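In what follows, a single structure is set out as structure tokens and then discussed.
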Amino acid sequence: MSGTVYDLIVTNARIVYRDRILHGGIAVRDGKIAKLLKQDEEAAANRTIDVEERYVLPGLIDSHVHFRTPGYEHKENWHSASKAAAAGGVTTVLDMPNTNPYTDTVDRLRQKAALVHGQSYVDYGFHIGVAPGKAGALQALSRGEAASIKLFLTGHHTAKHIIDDEVELDYIFRLAADKGILLTLHAEDDFVLRLFRQTRYEPSGLTNYEAAYPRIGAIAAVARTLRLVRKHSTSVHVLHVSSAEEADLLDAAAAAGYPVTYETTAHQLWFDHASAEPLGTRAKLSPAIREPRDRERLWQSIAHGTLTSVGSDHAPHSIAEKSFAFHDAPPGLPGVQELLPALLTGLKRNLPALTREERLLTAARLLAAGPALRFGLDHQKGSIEAGLDADLLIVDDEKKWTVTTERVLSGSGWSAYEGLELEGEALVTIVRGHVVYDRGQFGEEIGERIPLRRELPDAFGRTAGSPYRVLA
Ligand SMILES: [Zn+2]
């Protein structure tokens, strides 16, 4: 036996790779996956975790969170949010810019990074925002600094910087294409939604909320986006797709070779109009929750491999704010902790033809490899491969548990899934070889800002199409 002593070995595992699941072990040294071990291969280590035939997934990447730091810490703070992430098996988060101050310059990205350092259980990166009339600030941005440029095509209580001007949109799409930086979009058309607000009643509750923020707003914005992509060849990722028609449009565009991808959220896959109604303001969201046929269409995107990722869109508000009258209650819900179990439970219910292992492979694609490739983290994260960061998640995928207020770790203190039974639980979460979560116990706040790839992967360059081809 050679003299190598690893820092950590995860042994007796069923390892979820990109395209298969194999028995074996994972040897970790200096925060990296140093070697993949065969089933009975022995090696020496300072610490061994015998996972007793459980599945080990790559640490999850939640590419869409609002951790509310700085400026909105009464809703949530980075420490509690990253704790919720670790307990949910998430090892990397990409935070959205709508904090206060707005993260719309390179300096503010650096300030946010400095503020978060030492507070985070998980690794992190940032999306940069654009304030109207200030897109010129993006000239100073280089590819490695932001996971994407995030545009809000419409806004709401906590998203005040709407970009709707034709000339400004042209400028930003061009600039992003020239710099090779991804654009992420909240794609609902502000003009269309304002028309509805002017001419229709004010929604009094969830029952008539969707009618006032209808699907046509999202469809119009996606169509407009695709025209801009045709003009500038900008690489675009559409966030929280909520309707069947958006998915139809985006699938057609990707099949035609446009560099567009999309994600949805765990709550859009779980709830519809009717099932969300008892939640009242807690399920007031932007975009709105739609109909069963939309939910079903999004599951078909997963079945056909055209959906790149599922984000939590963890957007917490305090219970006090969510208790306001319907009109004043801000849209959004926390979800980083529930992301994996909601997806695993949903996969079993909605795609019953999948085997247990196919469900785990699908979860790993949507929550790790997919976002890693799309956001330029794949040189370091997103799959279990020698040389990559030792971000690992040991799961009990068959464990059934009920979401209760006591289990909620988000600083907001509530969950839209309260009272519901989910299947699948993160047992141990490891970030670069450090155990940050182990069955209710937490390690240290060792999260670091991740350097992003300088170049978008070729597969998502100017002419490539669907992520399906990349991940197949
Ligand atoms: Zn969001």
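No value in this document is a laboratory result; all are computed from the given coordinates. Keep in mind that what you see is a predicted model, and the values were worked out from it rather than measured. FYI the Cβ positions are ideal-geometry reconstructions off the backbone, even for glycines, and counts take in every protein chain you see.
For region 397-447, place one equal point scatterer on every Cα, skip the solvent, and apply the Debye formula. What is log10 of I(q)/I(0) at q = 0.14, 0.24 Å⁻¹? Values returned for q = 0.14, 0.24 Å⁻¹ are -0.45, -1.00. Taking the square roots of 5 times each eigenvalue of the Cα gyration tensor of region 272-396, largest first, gives ellipsoid semi-axes of 30, 19, 13 Å.
So what's Rg/Rh here for region 119-209, counting alpha carbon atoms and using the Kirkwood radius for Rh?
Values: Rg = 16.1 Å, Rh = 15.0 Å.
So for region 119-209, dividing Rg by the Kirkwood Rh gives 1.07.
Using a Debye calculation, one point per C-alpha and no hydration shell, please list log10 I(q)/I(0) for region 1-124 at q = 0.13, 0.16, 0.18, 0.22 Å⁻¹ in order. Those come out to -0.67, -0.83, -0.92, -1.16, one per q. Pair-distance distribution of the chain: all C-alpha pairs, bin width 10 Å, starting at 0; shares per bin in whole percent are 4, 22, 33, 27, 11, 2, 0, 0. Across region 5-114, Cα pairs under 8 Å and at least six residues apart give a relative contact order of 23 percent.
Over region 122-191, what is the relative contact order in whole percent, taking alpha-carbon pairs under 8 Å and six or more residues apart? For region 122-191, the relative contact order is 36 percent. Lysine pair count for region 273-418 with Cα-Cα distance under 29 Å and sequence separation of 8 or more or different chains is 9. For the pair region 290-341 and region 16-77, the centres of their Cα atoms are 25 angstrom apart.
If you rank TRP270, TRP78 by fewest surrounding Cβ atoms within 10 Å, what's the result?
On the way: TRP270 23, TRP78 29.
Ranking TRP270, TRP78 by Cβ neighbours within 10 Å, fewest first, gives TRP270, TRP78.
Sorted on the mean count of surrounding Cβ atoms within 10 Å across their residues, most packed first, peptides 25-32, 389-396 read 389-396, 25-32.
A viscosity of 0.890 mPa s and a temperature of 25 °C, combined with the Kirkwood radius over Cα pairs in Stokes-Einstein, give a translational diffusion coefficient for region 337-445 of 162 µm²/s. Taking packing as the residue-averaged number of other Cβ atoms within 10 angstrom, the listed peptides 67-73, 237-243 run from highest to lowest as 237-243, 67-73.
Cross-link reach is defined here as a Cα-Cα straight distance under 16 Å, omitting same-chain residues fewer than 8 places apart; for LYS38 the aspartates and glutamates meeting it are ASP50, GLU52, GLU53, GLU385. Cross-link reach is defined here as a Cα-Cα straight distance under 27 Å, omitting same-chain residues fewer than 8 places apart; for LYS134 the lysines meeting it are LYS112, LYS150, LYS160, LYS179, LYS231.
Packing-based ranking of 154-163, 133-142 yields 154-163, 133-142, ordered from highest to lowest mean Cβ neighbour count within 10 Å.
With an 8 Å cut-off on Cα pairs and a minimum separation of 6 or more residues, tell me the relative contact order of the chain in percent. Each step should come with its number before you reach the end.
Working: 1144 pairs, mean separation 103.2, N = 472.
Rounded, it is 22 percent for the chain.
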